[in-house]
Amino acid sequence: MKSIRNLTRFTYDTAAFQGWRLSISRAGTVFTKYFSDKKYGSDKKSFISAETALAKLKELLETAKKVNGKFPATTIRKAEKLLEQT
């Protein structure tokens, strides 16, 4: 599978981690989560989980209100909690 916007594939032979990295930056805040092939069972399952989390995160961030061009702390906590649950 190829990497797509906000999802990057890690398959290095020398690295202990193999899987997908979700990384999205909005309003000066970066949200990152790693989806390991080992944890999710396969590269396809980890990709599906990463893609689902990305869609939910984008929806949350698009509907969130900004204060002085930044997300309030409650929105950041909600986003971090959403990423922890996946």
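The values are calculated or read from the model by the stated rules, or taken from the named source; none is laboratory data. Predicted model only: the values in this text are computed from it and were never measured. Cβ atoms come from the backbone with ideal geometry, glycine included; neighbour counts cover every protein chain shown.
Might you check whether a residue that is touching a helix residue (DSSP H, G or I) at 6+ places or on another chain (Cβ under 9 Å), surrounded by fewer than 16 Cβ atoms within 10 Å (Cβ to Cβ), farther than 22 Å from Arg9 by Cβ and without any contact (Cβ under 8 Å) to a residue 40 or more places away in the chain occurs anywhere in segment 34-46? For segment 34-46, residues touching a helix residue (DSSP H, G or I) at 6+ places or on another chain (Cβ under 9 Å), surrounded by fewer than 16 Cβ atoms within 10 Å (Cβ to Cβ), farther than 22 Å from Arg9 by Cβ and without any contact (Cβ under 8 Å) to a residue 40 or more places away in the chain: absent. Of the residues Ala79, Ala27, Ala55, Ala64, the single one that is under 15 Å from the mean Cα position of the chain (by Cα) and surrounded by 14 or more Cβ atoms within 10 Å (Cβ to Cβ) is Ala79.
Restricting the first member to segment 57-86 and to residues that are modelled with pLDDT under 95 and β-branched (Val, Ile, Thr), and the second to residues that are surrounded by 10 or more Cβ atoms within 10 Å (Cβ to Cβ) and assigned to a helix (DSSP H, G or I), the beta-carbon pairs closer than 8 Å and six or more apart or on different chains are Thr75/Leu60; Thr75/Leu61; Thr86/Ser49; Thr86/Thr52; Thr86/Ala53; Thr86/Lys56. If you go through segment 1-18 and keep only what is among the small types (Gly, Ala, Ser) and over 18 Å from Ala55 (Cα atoms), you end up with Ala15, Ala16.
Rundown of residues vs (1) under 16 Å from Leu82 (Cβ atoms); (2) among the β-branched types (Val, Ile, Thr); (3) touching a Phe, Trp or Tyr at 6+ places or on another chain (Cβ under 6 Å), yes/no style:
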site: Ala15; (1), (2), (3): no, no, no
site: Ser23; (1), (2), (3): yes, no, no
site: Lys44; (1), (2), (3): no, no, no
site: Ser49; (1), (2), (3): yes, no, yes
site: Ala53; (1), (2), (3): yes, no, no
